[in-house]
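Comments concern the structure below.
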Amino acid sequence: MSATITASDINNLRQATGAGMMDCRKALTESNGDFETAIDWLRKQGQKVAAKRSDREAKEGVIIAKTTSDHKTGIVICISCETDFVSKNADFVSFAQSIADAAIDNNVRSAEELNNTEINGAKVSDMINDKLASIGEKIAVSKFERIEAPYVASYIHGANRMGVLVGLSKESAEAGKDVAMQIAAMNPLAIDESSIPAETIAREKEIAIEQIKAEGKPADMAEKIAMGKVNKFFKDNTLLAQPYVKDNNKSVGDYLKSVEGDIKVIEFKRVALG
């Protein structure tokens, strides 16, 4: 049975991908209404798709990235709201900061634990409900990420609209800041090629092969050209292979070697409003 494709479905796909209305309708029809499959269908037709990433779910709010004083642990949280009028309010930013401070001070490990944490005798969840009642907007701890490493750097970009954590194998404030700014600017999917799930690689290769066939190139060339596209995908989307934003003549991996030869990126988290 075919899925019913609504105007709302088409509009959501248009907003997510930037593709035209008729193309979005066709994509959803061909994929029986499945959103992710429809995005893949558009890409296979050679469309330049601005695919959504998981860090773009919160519409408005305040993002705080913070580390412990010893830089061994970092957290990044998003206290979401409905309008930028609230998110830009100094009192609301201060409210979000107090919740982030509580997360650090109490060694919190999850959003659920944070909601049950007390600040001056009041639970965070109750404080959020009180704030909701006073301003009339839905408020929540919508994102919570945590990193533990020998050295963790934090970075907040764009008036609390994005937060980044970077876990390094050894202390380097310089590398921590520079790599965090790289992640904020270039939004990598993973640290390196080995960190990309096999199913993601297979998906990219399949899409590349279909793109090549759609361009009318011979099938015997498709595999070779597809691997070239996959390698470009790695360069664009893995942190260490990306061109370093402060010097495009070197990769991020090359930059790290120049700072300190054996320093490694262990983990990173990036949370952004969108």
* Structure fact -> The condition of being under 30 Å from LYS177 (Cβ atoms) and touching a residue at least 40 places away in the same chain (Cβ under 8 Å) holds, among ALA103, ALA111, ALA90, only for ALA103
* **Scan of segment 215-240 for residues that are over 30 Å from VAL164 (Cβ atoms) and not in a helix (DSSP H, G or I), ordered by number** => GLU215, GLY216, LYS217, PRO218
* Give the residues of segment 148-201 that are at pLDDT 95 or above, surrounded by fewer than 20 Cβ atoms within 10 Å (Cβ to Cβ) and of a type in the set (Ser, Thr, Tyr), sorted by residue number. => SER169, SER172
* Asked: Any residue at all in segment 107-118 that is surrounded by 14 or more Cβ atoms within 10 Å (Cβ to Cβ), among the acidic types (Asp, Glu) and in contact with a strand residue (DSSP E or B) (Cβ under 8 Å, 6 or more places away or on another chain)?
  -> no
* Check ALA3, ALA96 and return the single one that is more than 21 Å from the chain's Cα centre (by Cα) and either touching a residue at least 60 places away in the same chain (Cβ under 8 Å) or outside any helix (DSSP H, G or I) (or both). => ALA3
* Yes or no: GLU267 in a helix (DSSP H, G or I), surrounded by 16 or more Cβ atoms within 10 Å (Cβ to Cβ) and acidic (Asp, Glu)? -> no
* Working only within segment 194-226, note down all residues that are within 26 Å of GLN182 (Cα to Cα) and of a type in the set (A, V, I, L, M). => ILE196, ALA198, ILE201
* **Qualifying residues in segment 202-218 (those that are hydrophobic (A, V, I, L, M, F, W, C) and surrounded by 12 or more Cβ atoms within 10 Å (Cβ to Cβ)) - the one farthest from the chain's Cα centre (by Cα)** => ILE212
* Count - residues of segment 147-161 that are farther than 19 Å from ALA111 by Cα, of a type in the set (A, V, I, L, M, F, W, C) and part of a strand (DSSP E or B) -> 3
* **Within segment 51-63, considering residues that are out of contact with any helix residue (DSSP H, G or I) (no Cβ under 7 Å at 6 or more places or on another chain) and modelled with pLDDT under 85, the one surrounded by the fewest Cβ atoms within 10 Å (Cβ to Cβ)** => SER54
* In segment 172-192, is there at least one residue being in contact (Cβ under 8 Å) with a residue 12 or more places away in the chain, part of a helix (DSSP H, G or I) and of a type in the set (Asp, Glu)? -> yes
* State which residue is nearest to GLN45 (Cα to Cα) when the search covers only segment 209-264 and only residues that are without any contact (Cβ under 8 Å) to a residue 60 or more places away in the chain and hydroxyl-bearing (Ser, Thr, Tyr). => THR238
* Quick one: in segment 136-147, which of the residues that are farther than 15 Å from GLU112 by Cβ and in contact with a helix residue (DSSP H, G or I) (Cβ under 6 Å, 6 or more places away or on another chain) is surrounded by the most Cβ atoms within 10 Å (Cβ to Cβ)? -> ILE139
* Structure fact -> Just one listed residue, out of LYS44, LYS48, LYS88, LYS66, is modelled with pLDDT of 80 or more, outside the structural domain of ILE135 (by TED's automatic domain parsing) and out of contact with any Lys or Arg (no Cβ under 7 Å at 6 or more places or on another chain), and it is LYS44
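The values are calculated or read from the model by the stated rules, or taken from the named source; none is laboratory data. Being a predicted model, the structure only gives us computed values, none of them experimental. Please note: Cβ atoms are built from the backbone with ideal geometry, for glycine as well, and neighbour counts cover all protein chains shown.
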